[in-house]
Amino acid sequence: MKAVIKIFLLVIAIMNFAPVLAQEVMIATNISYADYAVASVAAAKRGAALFFVSENKIPNETLEAINSINPERIYIIGGPAVVSENIENELSKICEVIRIWGMTRYGTGSEVAKYFWPEGSEKVIIIWDKPDSRVVDINTSLTIIKASEIAAAEEIPLLLIPRNHLSSEVEDALKALNASYAEIYGDVGSQVFKELNALGIEYEIVSGSSTELVKKLEEKEEELIKSKATPLIVAAIGNWQDSLASRASPHGVSILISSESEIPKAVEKVKNMTQTRNISKILVTGKPELARKIYGALINASVNDTVPVYLVSGKHYLIAKKIFEKVRERLMKIRENFKERLEKIEGNLTKVKEKIRKRCEYWNIKANESVEAINTSEAKARYSLIVELYNSCVDAVENNQTLRAIRYLVEMKHEVRKLRWENRFIAKSIFESEIEKEREDASLIREKEKNRLIKYLKIGKCKALVEKLRKAIDERNFDEIREIKIEIAKNCAPTKRIPLVMNHRSNIAPRGR
């Protein structure tokens with residue numbers, strides 16, 4: 001098993017020494033909008049191509065596009081419940097694959113923000129979303145899509161929250177980003193404002209019904225793109241997937257049309273935008289019959305005399321491929337700019353390298369707890385891989401390779417979450433506590449966490465640590481919470497069935513960016 005682990009890590013490390021400018025790909029499920037929306041913001045920042053997959057199959061159109069790119073790396077945004085391990089294994093035959101996910105859409109959004117904004121972000125966009133479900137509310141999805149367009153235009157993280165509160169994972173993401181200002185979209189509960197105030201984050205609210213919100217966000221979006229060359233997507237909406245496919249265009253903005261009666265007004269809006277904004281091209285997408293009528297109306301209005309107009313209708317996964325073909329050159333320019341910024345980002349990250357090491361240590365503790373609860377030979381074998389990842393994370397930190405350390409941290413999280421997900425019926429309490437942290441009210445989770453500490457008060461040497469941890473929980477000091485939990489695991493936890501490995505050194509080369 002150890003030999004297999006070393007080969008696995010060594011292959012990843014070698015692959016990561018490829019040139020940074022090499023193309024990246026992001027994929028997300030086509031059974032819901034949330035993961036694709038948050039992925040689109042990260043993809044626009046990095047110049048990554050963005051495609052759909054189904055739960056258990058890679059559409060031929062998506063696979064053809066990926067093969068034409070010959071990517072260095074593919075990111076899967078979302079967990080195995082929405083993008084199966086079979087898909088992950090299939091993509092791994094092409095290049096390195098990294099899965100970024102949480103147990104819920106709120107957790108996935110938080111992980112995307114933390115990974116793709118390692119340098120932090122003073123400003124974030126927060127929008128409420130319904131809990132995970134395969135039944136999609138199209139009005140809710142349209143507001144999320146509009147929010148993702150604005151977040152992409154400003155290159156800031158998009159965080160999804162339950163309507164009436166912040167979860168612990170979202171609060172942790174806000175602290176990790178060092179956010180100081182949030183734009184909140186939609187009518188959210190007062191507990192959201194209370195938690196933001198406690199975190200010291202100022203905020204502005206854009207409220208209203210879904211329809212009102214989309215209109216307000218469209219107006220805001222038009223102001224953001226005054227001078228920037230921007231693709232305009234006119235989407236014929238037959239379902240929520242038609243509108244979501246427009247996000248395959250980096251920094252693109254959309255006009256959404258659901259019926260033929262809306263076409264004349266939309267044409268006038270397009271004409272006005274081509275005269276007052278720097279529109280680089282117009283892509284008509286979505287439901288084929290309605291899209292053809294929109295395209296015809298734009299041609300008849302001579303819009304194509306000043307801006308090229310393309311018809312790229314069809315199924316959503318085909319549209320994503322066609323949009324990629326139209327914006328491929330733009331993606332490469334974004335990628336070039338990102339490469340230049342990345343060098344500066346990496347230089348600044350040395351300030352937080354010790355925090356990354358502590359986070360890797362914390363996830364090693366979580367792995368140990370998971371293996372102890374599951375107590376199977378397969379879980380114990382998985383722990384060996386996690387320990388190797390932990391050691392490589394520490395090595396990367398000590399060599400001032402902070403971005404590489406972050407990559408190892410993400411791999412550790414993936415392996416621990418996969419372990420919990422696959423054994424969710426065996427270790428039910430651990431699995432459910434993970435979901436609670438992503439979905440439930442952070443104030444309730446804080447009280448639960450403090451109550452769980454009572455068992456350690458019987459151990460004399462641990463009383464001071466418990467009191468210190470309770471204080472850190474109340475203060476929402478997540479870095480200190482992790483540090484104290486590590487100390488409690490080392491000094492206060494009952495005798496482990498699985499030895500807790502913390503200081504072993506490996507000779508595995510750290511992975512690259």
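The values are calculated or read from the model by the stated rules, or taken from the named source; none is laboratory data. As the structure is a computational prediction, the values presented were derived from the model and not from experiment. Virtual Cβ from ideal backbone geometry, glycine too; neighbours counted across all protein chains shown.
Does any residue of segment 439-455 turn out to be part of a loop (DSSP other than H, G, I, E, B), surrounded by 15 or more Cβ atoms within 10 Å (Cβ to Cβ) and either in contact with a helix residue (DSSP H, G or I) (Cβ under 6 Å, 6 or more places away or on another chain) or not aromatic (F, W, Y) (or both)?
The answer is yes, given that some residue of segment 439-455 is part of a loop (DSSP other than H, G, I, E, B), surrounded by 15 or more Cβ atoms within 10 Å (Cβ to Cβ) and either in contact with a helix residue (DSSP H, G or I) (Cβ under 6 Å, 6 or more places away or on another chain) or not aromatic (F, W, Y) (or both).
Do we find that Y295 is farther than 30 Å from S433 by Cβ, aromatic (F, W, Y) and either surrounded by fewer than 18 Cβ atoms within 10 Å (Cβ to Cβ) or modelled with pLDDT of 90 or more (or both) in this structure?
yes
All but one of (1) touching a Lys or Arg at 6+ places or on another chain (Cβ under 8 Å); (2) in a helix (DSSP H, G or I); (3) within 19 Å of T108 (Cβ to Cβ); (4) not hydroxyl-bearing (S, T, Y) hold for E222, so report the exception by its number.
If we test E222 against (1) touching a Lys or Arg at 6+ places or on another chain (Cβ under 8 Å); (2) in a helix (DSSP H, G or I); (3) within 19 Å of T108 (Cβ to Cβ); (4) not hydroxyl-bearing (S, T, Y), just (3) comes out false.
If you scan segment 462-480, which residues turn out to be closer than 21 Å to G200 by Cα, outside any loop (DSSP other than H, G, I, E, B) and free of Cβ contacts under 8 Å to residues at least 60 places away in the same chain?
Once the filter is applied, which keeps residues that are closer than 21 Å to G200 by Cα, outside any loop (DSSP other than H, G, I, E, B) and free of Cβ contacts under 8 Å to residues at least 60 places away in the same chain, segment 462-480 yields L469, R470, K471, A472, I473, D474, E480.
Failed condition for S313, given (1) modelled with pLDDT of 90 or more; (2) hydroxyl-bearing (S, T, Y); (3) crowded, with 21+ Cβ neighbours inside 10 Å, with all others met?
(1) is the only condition that S313 fails.
Determine whether D474 is at pLDDT 75 or above, under 21 Å from S168 (Cβ atoms), of a type in the set (D, E) and surrounded by fewer than 13 Cβ atoms within 10 Å (Cβ to Cβ).
Answer is yes for this residue.
In this structure, is A373 at pLDDT 95 or above, surrounded by fewer than 22 Cβ atoms within 10 Å (Cβ to Cβ) and out of contact with any Leu (no Cβ under 8 Å at 6 or more places or on another chain)?
no
Results for (1) crowded, with 20+ Cβ neighbours inside 10 Å; (2) within 19 Å of K321 (Cα to Cα), shown as yes or no for each residue.
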site: E24; (1), (2): yes, yes
site: A42; (1), (2): yes, yes
site: F51; (1), (2): yes, yes
site: E64; (1), (2): no, yes
site: N70; (1), (2): no, yes
site: I76; (1), (2): yes, yes
site: V82; (1), (2): yes, no
site: N89; (1), (2): no, no
site: R99; (1), (2): yes, no
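Given the criterion at negative phi, in contact with a helix residue (DSSP H, G or I) (Cβ under 9 Å, 6 or more places away or on another chain) and of a type in the set (D, E), identify the matching residue among E415, E329, E336. Before you say what the answer is, go through the steps one by one.
Values: E329 fails: in contact with a helix residue (DSSP H, G or I) (Cβ under 9 Å, 6 or more places away or on another chain); E336 fails: in contact with a helix residue (DSSP H, G or I) (Cβ under 9 Å, 6 or more places away or on another chain).
Result of the check over E415, E329, E336: E415.
Could we say that S148 is touching a Ser or Thr at 6+ places or on another chain (Cβ under 7 Å), among the polar types (S, T, N, Q) and at pLDDT below 95 here?
Spelling it out, it is not the case that S148 is touching a Ser or Thr at 6+ places or on another chain (Cβ under 7 Å), among the polar types (S, T, N, Q) and at pLDDT below 95.
Please identify the pairs in which a residue from segment 180-194 that is without any contact (Cβ under 8 Å) to a residue 60 or more places away in the chain has its Cβ atom under 6 Å from the Cβ atom of a residue that is surrounded by 15 or more Cβ atoms within 10 Å (Cβ to Cβ) and of a type in the set (K, R), counting only partners at least 6 apart or on another chain.
Correct list of pairs: Y181/K123.
Would you confirm, using the coordinates I've provided, whether V416 is crowded, with 16+ Cβ neighbours inside 10 Å, farther than 18 Å from E111 by Cβ and either in contact with a Pro (Cβ under 9 Å, 6 or more places away or on another chain) or in contact (Cβ under 8 Å) with a residue 24 or more places away in the chain (or both)? Step through it out loud before you land on a result.
On the way: crowded, with 16+ Cβ neighbours inside 10 Å: yes; farther than 18 Å from E111 by Cβ: no; either in contact with a Pro (Cβ under 9 Å, 6 or more places away or on another chain) or in contact (Cβ under 8 Å) with a residue 24 or more places away in the chain (or both): yes.
Judged against the criteria, V416 is not a match.
From S249, S227, S259, which residue is of a type outside the set (K, R) and touching a strand residue (DSSP E or B) at 6+ places or on another chain (Cβ under 9 Å)?
S249
It is to be established whether one or more residues within segment 223-246 are without any contact (Cβ under 8 Å) to a residue 40 or more places away in the chain and either farther than 18 Å from I126 by Cβ or not polar (S, T, N, Q) (or both).
Looking through segment 223-246, at least one residue is without any contact (Cβ under 8 Å) to a residue 40 or more places away in the chain and either farther than 18 Å from I126 by Cβ or not polar (S, T, N, Q) (or both).
Return the total of residues in segment 238-268 being buried (at least 24 other Cβ atoms within 10 Å of the Cβ) and part of a loop (DSSP other than H, G, I, E, B).
The total comes to 3.
Tell me which of these N364 doesn't satisfy, since it passes every other one: (1) crowded, with 22+ Cβ neighbours inside 10 Å; (2) under 28 Å from P264 (Cα atoms).
(2)
Can you list the helices (runs of 4 or more DSSP H) found entirely within segment 1-85 that contain at least 1 residues being modelled with pLDDT of 95 or more?
34-46, 60-69
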